[in-house]
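Worksheet for the structure shown next.
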Amino acid sequence: MAPQLIAGRYRVERELGRGGMGAVWLCRDEMLGREVAVKQIGALPGEAADLARGLREARSSAALQHPNVVSVFDAVDEGETIWLVMEYVPSRTLSQLAREEGPLDPRRAAAIGAQVADGLALAHERGTVHRDVKPGNVLVAEGDHAKISDFGIARSNAADEHRTQTGLLTGTPAYFSPELARGAESSPASDVWALGATLYAAVEGRQPYAPRENAIATLAAIAQESPDPPRRAGALAGVIGHMLDPDPEVRWSMAQVARELHDVAAGGAGVQDTRADDDGAATQVFPAPVPAAAPAAAAAASSPAPEPEPEPAPEPEPVPAPAPEPGRERQRRTTAGWWVAAVIVVLVLAIGGLALLATTGDDDGAPSADETTSAPSGSPEPTEENEPTEETSEPTQEATEPTEEPDDTEPTQGASGGEAVGLVEDYYAVLPGDRDAGWATLSPSLQEQIGRDSYDGFWSGISRVEIVAVQDVGGGSVDVTLTYDGGSRETRRIDVGRVGGELRIVGDRVV
Ligand SMILES: Nc1ncnc2c1ncn2[C@@H]1O[C@H](COP(=O)(O)OP(=O)(O)OP(=O)(O)O)[C@@H](O)[C@H]1O
């Protein structure tokens, strides 16, 4: 039965939804006169102490103020029940969105993912791991403003992880990384995997690992096999590939993920996923299709996410990898042997006294409670029927990418090689610190293509950019090789011209 007044202060207005741990209520905070979302967390058998510790950490996560993180205002302990008081976000979860609208356009998914990655990157910087990143925990509000929720079960890095004191395993198996599935502790890298799996599900309309008969079988599959390469991810494919790197040591950091997602969201062509397999051969597990005409966005220089075409278009096919085919990595992991599954089973039985508590809210594609108004699903795994269908129209990259044709609405005159090199050096010298100055270096039509929000979003995730090499390639164009934050490196072709007599950057793409 619905409570009426929680903690003597929060007046219940209606139920917002239910997850594996309990209900979430829309309440009015009578003290502060504002609406809040209050989540009920039932104590698990023998877990009171652990829960209390988790809640202390939830309180400390209230200090995590970020526009893309659902704020936690309070945690109220009322004996058997604990209430988490959060910012109310009128929204749909990402899983609801995908279910209602079909698989997302890759650039839209990248834009949502970039915001979530921004929030998670800050959490990681502060030493907090989310531990339950999944589509059901991504709240998407008006204008696709995304927030990651459920930091309530997050723990600081030092704390006990997915395994609780009595051995219950918390989290959502479908979004477990391979190392977690093998029994490792959660880490920032496992959050990166989970966000990769979340974006995969958003664009593909299915989870990276098809639901199995039970959670342990799902974990075994994750531990042993690579997911099928995404087929609809377009420019997002390479980023997802890096996020789903089976090796947590090599997997990108959340900060790098954020940067790359902003770039794709802003129209960038995306990265190739070229990682070496055991033979040292480059294996494109998830190649990013790069249409010949794609202009690629610039360090933010790119067009905003195009609107999806109304007409269905054929699915973009992954670019064939040169030598070893995408299935190779999958095969290598599969042949690692069934012992992995056995280890998982033994581990779970040993630590858990048979208990495996897997949160299974709408994250897995199951209908959310606010759609079904039913009790939380007792089914350990979601059903395929609840996944977004694949029939939904998906614009091809070719259809949605802006072309490289010069913008004839903006008369430009060429620049000399020296002028172009000088302008590019000046441009990167002011970034990322002075975004206004950087922005002013772009021609008006490039500014219009990119959008100031995307530009700021891209550069706000970077603390240092350095020019490694710069080369005049003629015609007012310059190839510049950059490193971001001393890590990721890319080469961009920057086109410079005179607009109204002033030197400006008129084009930019990854080469
Ligand atoms: N801060 C919030 N503002 C608005 N709605 C929310 C908020 N938090 C949760 N909800 C709604 O309540 C539903 C249930 O949330 P909850 O966090 O319990 O689900 P879950 O993440 O699927 O479950 P679990 O806790 O098992 O991971 C969500 O699907 C969402 O629709």
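Results, tabulated for the structure shown:
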read-out: From the options L195, L199, L261, residue that is closer than 21 Å to R492 by Cα, at pLDDT 95 or above, under 13 Å from the mean Cα position of the chain (by Cα) and part of a helix (DSSP H, G or I); value: L261
read-out: Residues within the stretch 168-192 that are outside any loop (DSSP other than H, G, I, E, B), away from the ligand (no atom under 16 Å from the Cβ) and open to solvent by less than 10 Å² (accessible area, probe 1.4 Å), tallied; value: 3
read-out: Complete set of residues in the stretch 1-30 that are under 18 Å from D77 (Cα atoms), in a loop (DSSP other than H, G, I, E, B) and of a type outside the set (S, T, N, Q); value: A2, P3, A7, G8, R9, M21
read-out: Matching residues in the stretch 202-218 - criterion: being assigned to a helix (DSSP H, G or I) and either touching a strand residue (DSSP E or B) at 6+ places or on another chain (Cβ under 6 Å) or open to solvent by 10 Å² or more (accessible area, probe 1.4 Å) (or both); value: I216, A217
read-out: Given (1) touching a residue at least 60 places away in the same chain (Cβ under 8 Å); (2) in contact with a Pro (Cβ under 9 Å, 6 or more places away or on another chain); (3) not aliphatic (A, V, I, L, M), number of the condition R131 does not satisfy; value: (2)
read-out: Residue under evaluation I462, criteria (1) buried (at least 17 other Cβ atoms within 10 Å of the Cβ); (2) assigned to a strand (DSSP E or B), criterion not met; value: (2)
read-out: Qualifying residue in the stretch 181-188 (condition: within 17 Å of the chain's Cα centre (by Cα) and over 19 Å from G136 (Cβ atoms)); value: yes
read-out: Qualifying position, being at pLDDT 95 or above, open to solvent by 30 Å² or more (accessible area, probe 1.4 Å) and either β-branched (V, I, T) or within 29 Å of L122 (Cβ to Cβ) (or both), among A255, A305; value: A255
read-out: Every pair of residues 6+ apart whose Cβ atoms lie under 7 Å, when the first sits in the stretch 26-42 and is in contact (Cβ under 8 Å) with a residue 24 or more places away in the chain and β-branched (V, I, T) while the second is crowded, with 19+ Cβ neighbours inside 10 Å and assigned to a loop (DSSP other than H, G, I, E, B); value: V36/Y88; I41/M21
read-out: All helices (runs of 4 or more DSSP H) inside the stretch 34-135 with 1 or more residues being at pLDDT 85 or above, open to solvent by 10 Å² or more (accessible area, probe 1.4 Å) and touching a Lys or Arg at 6+ places or on another chain (Cβ under 9 Å); value: 94-101, 106-125
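The values are calculated or read from the model by the stated rules, or taken from the named source; none is laboratory data. These numbers come from a predicted model, not from an experiment. Using ideal geometry, Cβ is built from the backbone for each residue, glycine included, and neighbour counts are taken over all protein chains shown. These accessible areas exclude ligands, DNA and RNA; they are computed on the full protein's heavy atoms, side chains included. Shrake-Rupley method; radii C 1.70, N 1.55, O 1.52, S 1.80 Å.
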